[in-house]
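The values are calculated or read from the model by the stated rules, or taken from the named source; none is laboratory data. Predicted, not measured: the structure shown is a model, and the values here were computed from it. Neighbour counts are summed over all protein chains in view; Cβ atoms, including those assigned to glycine, are modelled from backbone coordinates with ideal geometry. Ligands, DNA and RNA are excluded from the accessible area calculation, which covers all protein heavy atoms including side chains. Shrake-Rupley method; radii C 1.70, N 1.55, O 1.52, S 1.80 Å.
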Amino acid sequence: MLVLGGFGASASPSNAPIVHWANNDGWHDDVSDGPVRASVRLKNTNNWIQASSAWVICAPPKFAPPIDNIITLYDTLYQVAVETLGVVPPVTPSFSKDIYPLLARAMNMKWVSALPAGAHACRFVQNAFGAPHPGASG
């Protein structure tokens, strides 16, 4: 089975306002996720076989490719493996492998989201490598 995701288009036929980052009434998008069921017919037969159902996830397009979500799919699946499959994480986490990537992803959210701004915003902005942003004021 070939599954093709959408193009990231969204709209409101009634021009409803966006009031939340998710689940806005009166809006639709073409991001594809949900249950999938299929029946298969083998060549030269009239017998149909019901395939096992599955869940498809087609994430939205990555409009800012260098910037990852704070919690990645790997993070989520690793947590599931720890909680349900008996995977044992290291006793001592690695700063460079476990902690820094999470902090760097959180820090990079400022480039694609206005959510961190406001009372907690920093006036002097640096990129993930510590270099001042060209338009920053200090």
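Quick notes on this one:
- Approximating the spin labels as points 7 Å out from Cα along Cα→Cβ, the Phe95-to-Ala64 distance works out to 2.6 nm.
- Across segment 95-104, rounded Karplus estimates of 3J(HN,Hα) from the backbone phi angles (6.51 cos²θ - 1.76 cosθ + 1.60, θ = phi - 60°) give 4, 6, 9, 10, 9, 4, x, 5, 5, 5 Hz, Gly and Pro being marked x.
- Förster-model FRET efficiency, 22 Å R0, Arg41 and Leu4, C-beta, rounded to 0.05: 0.50
- Carbon-plus-sulfur accessible fraction, segment 1-120 (probe radius 1.4 Å, protein heavy atoms only): 62%.
- Averaged over its residues, segment 7-70 has an accessible area of 87 Å² per residue, based on protein heavy atoms and a 1.4 Å probe.
- Distant-in-sequence amide contacts of Gly6, defined by a placed amide H-H separation under 5 Å and a gap of 5 or more residues or a different chain, comprise Ser32.
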